[in-house]
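Throughout, read-outs are computed from the coordinates displayed, never taken from laboratory work. A quick note: this is a predicted structure, and the numbers were derived from the prediction, not measured. In this analysis, Cβ positions are derived from the backbone assuming ideal geometry, glycine residues included, and neighbour counts consider all displayed protein chains.
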Amino acid sequence: MHLILHLGPPKTGSKSIQRALWRGAEHLQAAGCHHYRGRKPSEWSLHFLYSPHKTELPPVLRRHFDSVAEATAWSEGCWDLLQQEVTEKRPDVTIVSSEHFANTADPAGFIDRICDRFDEVTLIAYARDPVALYVSEVDELIRGGRRFRDLPQVHGFHYNAVHNIRRFEELVGRDNLILRNFDRDTLVDGDLVADFYHVVSERKGRMVAPPELPDDAVNDSLSGAATAWLLTMNETTGMQEASTEVYRALIEDRDRAVAALRKSKELRKLPRLSMTDPVLECMLRAQADETVAWLNDGYLSTPLPRAEMPKEVPNKAEQKKRLRNWLMSYMTPQAMRAIGRVLIDVG
């Protein structure tokens, strides 16, 4: 039996791929493929046993579990469920997707456990320009309640998720590790889902067509102004320090506000977050250069951009100032008035 394992990593459209797999489950089954969903939260179902979170639950799991022990028992049960489903269905190909697999703390143990159940393993991951990846990560962390002090600073942002994928090369062999450029211009039909299904079809040796999906975005990012406004709110709510009960209540309120900000037609016309500081942009690419060179030389037909470190690197205080100025530049009077109108309607 063959397992196709989608590694993500974070911020490379994993939720779009997963939505296609969920909605096209029957079609996949007819083509001899089985999509293992696990139990919610699905992306952590197999990963948690091999994650670095052994002493404290990550925020998303605090919504579902009261302790690390409870989450560990749940994850072990999900591995049992995978075995049960594969034994019963006997598919030619099983597909499992999680953006967290790239950050597995024990890749060797993880792959060994996979190989105990499958004869063949293919790993698929998408690589993104370090600058776009950094911006997307900052955006997500702010939406998750992080304060400015908790955001990743440009100095020391080392493209870890993609770098960690290199650990799998020795475990499965280069022929079984497929890395694709996330840039839309390089994807099959300019679409991530179509590109993923193209890879699945090639590995399976039979055409597996993606399902038709609605045009609404998955996990669509907010406008830069809305993200900056959320950051100012994070400084006063103290979400990360809250008890589990209070945290869950804050998350519910916040989710409603974020949904309203995302749906606003007026706000959707405003610019999204994008790096506009050329010094920070060069630093991000230069720090990731070794990994990007590995990707470009060994896997990507269309290379990712590279850059050299600026001749004059700003100190940490200046970097923070540049980062703050970049984020706050989106909070124009026009944007703040639009956000106020949205939030009044929600309230």
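Cross-link pairs exceeding 28 Å between alpha carbons, from the set 15/54; 11/311; 263/321: 11/311; 263/321.
Secondary-structure-derived ellipticity at 222 nm for the chain, considering helices only, amounts to -15500 deg cm²/dmol, per-run term -39500 (n - 2.57) for DSSP H runs with n ≥ 4. Determine, from the Cβ-Cβ distance of residue 120 and residue 290 and an R0 of 30 Å, the FRET efficiency 1/(1 + (r/R0)^6), rounded to the nearest 0.05. That pair, residue 120 with residue 290, gives E of 0.50.
Please arrange 89, 54 by how many other C-beta atoms lie within 10 Å of their C-beta, fewest to most. Could the numbers behind the result be given before it?
On the way: 89 13, 54 10.
Lowest count first: 54, 89.
Treating only the Cα positions of the chain as identical point scatterers, give the base-10 log of I(q)/I(0) from the Debye formula at each q in 0.07, 0.10, 0.12 Å⁻¹. With one equal scatterer per Cα and no solvent, log10 I(q)/I(0) is -0.32, -0.67, -0.98.
Build a GNM of the chain with springs between Cα atoms under 10 Å apart, and of 72, 87, 227 the one that fluctuates most is 87.
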